[in-house]
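Heads up, the thing below is written out as structure tokens.
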Amino acid sequence: MSFEFADAVVLCLKRNKRLGIKPSSQTEIAEHFGLSKPYINQLINGNVANTDNTRHWIKEIKKYVGVDE
């Protein structure tokens, strides 16, 4: 939920887009998990409360996008 996480996600999405693989956008992340696009944006940018649910979705987004710890 830090600024670095948002940067890493953006870089991974750009990389995926260049390689022609998914996900290459926040919309594709939202569709994959069945969540709203605004909620995905808030999760990525750290604009949500630090709860178990938030940490769960951030962990899942990291795995799906390809962000290494």
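Against the definition (out of contact with any Gly (no Cβ under 6 Å at 6 or more places or on another chain), closer than 18 Å to Glu4 by Cβ and small (Gly, Ala, Ser)), how does Gly66 come out, yes or no? Answer is yes for this residue.
With respect to the conditions (1) at pLDDT 95 or above; (2) under 10 Å from the mean Cα position of the chain (by Cα); (3) under 13 Å from Gly66 (Cβ atoms), Leu19 falls short on a single one, namely (2). Check region 36-45 and report whether any residue there is under 19 Å from Glu4 (Cβ atoms), at pLDDT below 95, in a loop (DSSP other than H, G, I, E, B) and not charged (D, E, K, R). Within region 36-45 (the criterion being under 19 Å from Glu4 (Cβ atoms), at pLDDT below 95, in a loop (DSSP other than H, G, I, E, B) and not charged (D, E, K, R)), the answer is no, since none of the residues qualifies.
Quick check: anything in region 17-27 in contact with a helix residue (DSSP H, G or I) (Cβ under 9 Å, 6 or more places away or on another chain), in a helix (DSSP H, G or I) and in contact (Cβ under 8 Å) with a residue 24 or more places away in the chain? No, region 17-27 contains no residue that is in contact with a helix residue (DSSP H, G or I) (Cβ under 9 Å, 6 or more places away or on another chain), in a helix (DSSP H, G or I) and in contact (Cβ under 8 Å) with a residue 24 or more places away in the chain.
Among the residues making up region 1-33, those that are among the charged types (D, E, K, R) and loosely packed, with under 13 Cβ neighbours inside 10 Å are Glu4, Asp7, Lys14, Arg18. Restricting region 46-69 to residues that are charged (D, E, K, R) and assigned to a helix (DSSP H, G or I), which is farthest from Ala8 (Cα to Cα)? Taking the candidates together, the pick is Asp52. For region 1-47, name all the residues that are closer than 12 Å to Trp57 by Cβ and touching a Pro at 6+ places or on another chain (Cβ under 9 Å). Ile29, Ala30, His32, listed by residue number. Just the residues that are of a type in the set (A, V, I, L, M, F, W, C) and either exposed (fewer than 15 other Cβ atoms within 10 Å of the Cβ) or farther than 22 Å from Ser24 by Cα (or both), please, taken from region 38-66. Listed by number, the residues that qualify are Val48, Ala49.
The values are calculated or read from the model by the stated rules, or taken from the named source; none is laboratory data. This one's a predicted model, so the numbers in the text were calculated from it and none came from an experiment. In this analysis, Cβ positions are derived from the backbone assuming ideal geometry, glycine residues included, and neighbour counts consider all displayed protein chains.
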